[in-house]
Amino acid sequence: MKPLSKAGITACSNGLPLTSKEQINDLSDILMKMGLVPVISPCIFENSEGYSSGAKERGEALMEFYRQNDIDAVFDVSGGDLANGILEYLDYELIRKNPKPFFGYSDLTTVLNGIYTKTGCQTYIYQIRNLCASGNFNARFETAGRQQRNFGETMLQGGDSLYRFSYRFCQQQEMKGIVVGGNIRCLLKLAGTPYFPDVRNKVLFLESRSGDRAKLETFLYQLKQMGVFQHSAGVLLGTFSELDRSNKYAIENLLMEAADNPSLPVAKTEEIGHGGNSKCLVIGKEYSFRNHE
């Protein structure tokens with residue numbers, strides 16, 4: 001990826017509450033100080049009644065950034081439930097002919113995988129609001145500082161620190177393939193649609209913010225019954241915030257029980273997901289994972 005100089009900031013899922021305006025202003029200031037000019041979409045915030053822009057309007061706002069030749073990348077700052085509504089309003093041929101990096105996480109799993117599936121263009125699991133510190137907790141400021149250093153080194157100086165993350169194997173010792181996936185709940189919104197990625201010989205990435213054992217088992221068994229674990233080249237697990245906090249169940253154990261496939265490679269990383277320390281994972285990129293022990 002070439003160093004970025006101008007980026008679109010949008011919200012394809014739920015609009016941010018009006019109380020988030022200060023954070024978006026802080027984000028804009030941080031980017032400007034780095035030398036990256038932000039262009040803010042008109043669809044960032046909820047309206048005064050708490051409603052987001054319509055799906056067609058949010059989709060058009062994203063496409064406008066693809067039409068502007070001076071926009072080098074697009075960063076989505078939203079999450080929630082609404083992102084899949086824009087998929088039918090995107091011009092995939094225009095995106096394919098004018099590719100530019102699109103970043104988002106959580107509910108943006110639908111758009112990240114929809115764009116990759118329809119165009120073959122790589123997309124990026126990453127939340128740019130991680131550059132901002134909130135509250136008075138030193139750990140958050142330290143985390144935001146690391147994010148800013150990694151982001152600047154990677155996006156503006158041609159480095160790769162934001163893409164480097166650690167992992168460990170839970171089953172088997174290696175796997176290789178193009179990565180697809182994202183938030184498990186949001187990925188399953190694409191089931192039965194033309195936007196669900198072809199998982200054959202792919203590495204499936206899964207993470208989640210919410211979800212207790214019962215809910216996650218339901219999602220995992222649905223993926224199994226769709227044939228995902230039978231045909232994929234392996235599974236990379238990110239963080240599962242609610243389950244991890246319970247300290248009762250390990251997501252890798254739930255996955256291996258549901259998949260019931262000892263030959264399926266399974267690896268786990270603590271550095272991709274909803275945490276403020278999250279690194280960036282590329283949808284559509286081929287990765288090789290090996291046990292380094």
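Restricting to segment 72-101, give me the number of residues that are out of contact with any Leu (no Cβ under 8 Å at 6 or more places or on another chain), crowded, with 21+ Cβ neighbours inside 10 Å and not in a helix (DSSP H, G or I).
Looking only at that region, the number is 1.
Restrict the check to segment 1-15 and report whether at least one residue is part of a helix (DSSP H, G or I) and surrounded by fewer than 20 Cβ atoms within 10 Å (Cβ to Cβ). Walk me through it before giving the result.
From segment 1-15, those part of a helix (DSSP H, G or I) are none; that's our starting set.
No, segment 1-15 contains no residue that is part of a helix (DSSP H, G or I) and surrounded by fewer than 20 Cβ atoms within 10 Å (Cβ to Cβ).
Tally time: how many residues in segment 216-265 are in a loop (DSSP other than H, G, I, E, B) and either in contact (Cβ under 8 Å) with a residue 40 or more places away in the chain or within 21 Å of the chain's Cα centre (by Cα) (or both)?
Residues of segment 216-265 in a loop (DSSP other than H, G, I, E, B): 226-227, 232-233, 247-250, 260-265.
Checking the rest, the ones that are also either in contact (Cβ under 8 Å) with a residue 40 or more places away in the chain or within 21 Å of the chain's Cα centre (by Cα) (or both) come to 232-233, 262-265.
Total meeting the criteria: 6.
Do we have any residue at all in segment 133-150 that's part of a loop (DSSP other than H, G, I, E, B) and buried (at least 21 other Cβ atoms within 10 Å of the Cβ)? Talk me through it step by step, then tell me what you get.
Within segment 133-150, the first condition is being part of a loop (DSSP other than H, G, I, E, B), and the residues that meet it are 133-137.
Adding the requirement that they be buried (at least 21 other Cβ atoms within 10 Å of the Cβ) leaves 133.
Checked segment 133-150: at least one residue is part of a loop (DSSP other than H, G, I, E, B) and buried (at least 21 other Cβ atoms within 10 Å of the Cβ).
Spot the failing condition for ASN130; the list is (1) closer than 17 Å to GLY238 by Cα; (2) modelled with pLDDT under 95, and only one is missed.
Condition not satisfied by ASN130: (2).
Quick check: anything in segment 165-176 part of a helix (DSSP H, G or I) and buried (at least 16 other Cβ atoms within 10 Å of the Cβ)?
Of all residues in segment 165-176, those part of a helix (DSSP H, G or I) come to none.
No, segment 165-176 contains no residue that is part of a helix (DSSP H, G or I) and buried (at least 16 other Cβ atoms within 10 Å of the Cβ).
Going through segment 102-132 one residue at a time, which ones are in contact with a Cys (Cβ under 9 Å, 6 or more places away or on another chain) and either in a loop (DSSP other than H, G, I, E, B) or hydroxyl-bearing (Ser, Thr, Tyr) (or both)?
Those that are in contact with a Cys (Cβ under 9 Å, 6 or more places away or on another chain) and either in a loop (DSSP other than H, G, I, E, B) or hydroxyl-bearing (Ser, Thr, Tyr) (or both): SER106, THR109, THR110, TYR124, TYR126.
Could we say that ASN247 is exposed (fewer than 15 other Cβ atoms within 10 Å of the Cβ) and on the phi > 0 side of the Ramachandran plot here?
Numbers: exposed (fewer than 15 other Cβ atoms within 10 Å of the Cβ): yes; on the phi > 0 side of the Ramachandran plot: yes.
Criteria met by ASN247.
Scan segment 36-64 residue by residue and report those that are assigned to a strand (DSSP E or B) and more than 21 Å from the chain's Cα centre (by Cα).
The answer is VAL37, and nothing else.
Tell me, please, whether a residue that is basic (Lys, Arg), more than 25 Å from GLY159 (Cα to Cα), outside the structural domain of CYS121 (by TED's automatic domain parsing) and surrounded by 20 or more Cβ atoms within 10 Å (Cβ to Cβ) can be found in segment 279-290. Full working, then the answer.
Within segment 279-290, the first condition is being basic (Lys, Arg), and the residues that meet it are 279, 285, 290.
Adding the requirement that they be more than 25 Å from GLY159 (Cα to Cα) leaves none.
No, there is no match, as no residue in segment 279-290 is basic (Lys, Arg), more than 25 Å from GLY159 (Cα to Cα), outside the structural domain of CYS121 (by TED's automatic domain parsing) and surrounded by 20 or more Cβ atoms within 10 Å (Cβ to Cβ).
Going by the conditions given, is CYS186 out of contact with any strand residue (DSSP E or B) (no Cβ under 8 Å at 6 or more places or on another chain) and at pLDDT 95 or above? First the steps, then the outcome.
Details: out of contact with any strand residue (DSSP E or B) (no Cβ under 8 Å at 6 or more places or on another chain): yes; at pLDDT 95 or above: yes.
Judged against the criteria, CYS186 is a match.
Is one or more of the residues making up segment 199-213 over 17 Å from the mean Cα position of the chain (by Cα) and part of a helix (DSSP H, G or I)?
Checked against the condition, which is being over 17 Å from the mean Cα position of the chain (by Cα) and part of a helix (DSSP H, G or I), segment 199-213 yields at least one hit.
The values are calculated or read from the model by the stated rules, or taken from the named source; none is laboratory data. Since the model is a prediction, treat every value here as computed from it, not as a measurement. Quick reminder, even Gly has a Cβ in these numbers, built from the backbone with ideal geometry, and neighbours come from all protein chains shown.
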